[in-house]
């Protein structure tokens, strides 16, 4: 019973720990920082956005590269198959014929 | 809030910009601190909030108060930052497999101390903020605006664009969830 009471008391204390919380002190130079950022003008895109954009660009390049490699491989494979077919078609003509009817 | 500040901001009055930052920065910073639980990130967000306010003041139609509008921008910026951090954490796990130095997040802070909490309550507040971090987004926003920023439910409803009843329910559910989490922490500490 006492354990339950202790637990409830602890939870209540934790839950009440933000009672009477004060706002943090302001930064007296915040306006100057904002003004500097605005004048630089490049900070509208947050770092997160830039990183994301780079990430997507890299992913797109990688996708295109993989596709390119696949296409080149397929073309090479088809050329090989065509060459093999051409050689195979010449085999009967080039082969020596044996006449069995003496 | 200084009088006629919206008109002055729309007219590009620099003194009005400064007045707005001076009069609102503590609210913005406190809200951001409660939500993102990191001093450096909260200050970056505060700067982004005011830049957004100055750039889009023309679009402010006065449907809500300027202060509510600023809170709304703050909450949205915080949510963007929280989502980015979560993506970063997931991405860090993958990249750490390839490069050892990429696992660290710029704004990672496992033990958050709110500067406005009384000294004797710091330890408990640290536990509470860690539990708040695990709440679903809407409950987290409602709880922080209510408990940390001490806003009335009507204003929270306007900021979150939901009904007062919905805010009441979100805060209630947040408290129930927090109590469950704290109960688990208490049991684990006893083991």
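Things worth noting here:
- No other residue among B:167, B:144 is touching a helix residue (DSSP H, G or I) at 6+ places or on another chain (Cβ under 9 Å), at pLDDT 95 or above and closer than 17 Å to residue B:28 by Cβ apart from B:144.
- Residue match in region A:44-58 (condition: within 30 Å of residue B:51 (Cβ to Cβ), at pLDDT 85 or above, facing another protein chain (nearest Cβ under 10 Å) and in contact with a helix residue (DSSP H, G or I) (Cβ under 9 Å, 6 or more places away or on another chain)): yes
Okay, residues lined up against (1) on the phi > 0 side of the Ramachandran plot; (2) in a helix (DSSP H, G or I); (3) without any contact (Cβ under 8 Å) to a residue 60 or more places away in the chain:
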{"site": "B:121", "(1), (2), (3)": "no, yes, yes"}
{"site": "B:125", "(1), (2), (3)": "no, yes, yes"}
{"site": "B:130", "(1), (2), (3)": "no, yes, yes"}
{"site": "B:135", "(1), (2), (3)": "no, no, yes"}
{"site": "B:144", "(1), (2), (3)": "no, yes, no"}
{"site": "B:159", "(1), (2), (3)": "no, yes, no"}
{"site": "B:173", "(1), (2), (3)": "no, yes, yes"}
{"site": "B:181", "(1), (2), (3)": "no, yes, yes"}
{"site": "B:186", "(1), (2), (3)": "no, yes, yes"}
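- Which numbered condition residue B:119 fails, given (1) surrounded by fewer than 21 Cβ atoms within 10 Å (Cβ to Cβ); (2) farther than 28 Å from residue B:88 by Cβ; (3) more than 12 Å from chain A (Cβ to nearest Cβ): (3)
- One residue from B:33, B:29, B:41 being closer than 19 Å to residue B:129 by Cα and more than 7 Å from chain A (Cβ to nearest Cβ): B:41
- Within the option set B:168, B:149, being out of contact with any strand residue (DSSP E or B) (no Cβ under 9 Å at 6 or more places or on another chain) and touching a residue at least 24 places away in the same chain (Cβ under 8 Å) holds for one residue only, B:149.
So that you can scan it fast, the table gives a plain yes or no per residue for (1) modelled with pLDDT of 95 or more; (2) more than 12 Å from chain A (Cβ to nearest Cβ):
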{"residue": "B:49", "(1), (2)": "yes, no"}
{"residue": "B:58", "(1), (2)": "no, yes"}
{"residue": "B:61", "(1), (2)": "no, yes"}
{"residue": "B:64", "(1), (2)": "no, yes"}
{"residue": "B:73", "(1), (2)": "yes, yes"}
{"residue": "B:87", "(1), (2)": "no, no"}
{"residue": "B:90", "(1), (2)": "no, yes"}
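- Contact annotation: residue pairs with Cβ atoms under 7 Å, 6 or more positions apart or on different chains, pairing a residue in region A:1-27 that is more than 23 Å from residue B:145 (Cα to Cα) with a partner that is at pLDDT 90 or above, are A:7/B:183; A:7/B:186; A:10/B:186.
- Subset of region B:10-26 [more than 24 Å from residue B:156 (Cβ to Cβ), assigned to a helix (DSSP H, G or I) and within 13 Å of chain A (Cβ to nearest Cβ)]: B:14, B:15, B:16, B:17, B:18, B:19, B:22
The values are calculated or read from the model by the stated rules, or taken from the named source; none is laboratory data. Quick caveat: nothing in here was measured; it's all calculated off a predicted structure. When we count neighbours, we look across all protein chains shown, and the Cβ atoms used for this are built from the backbone with ideal geometry, even at glycine.
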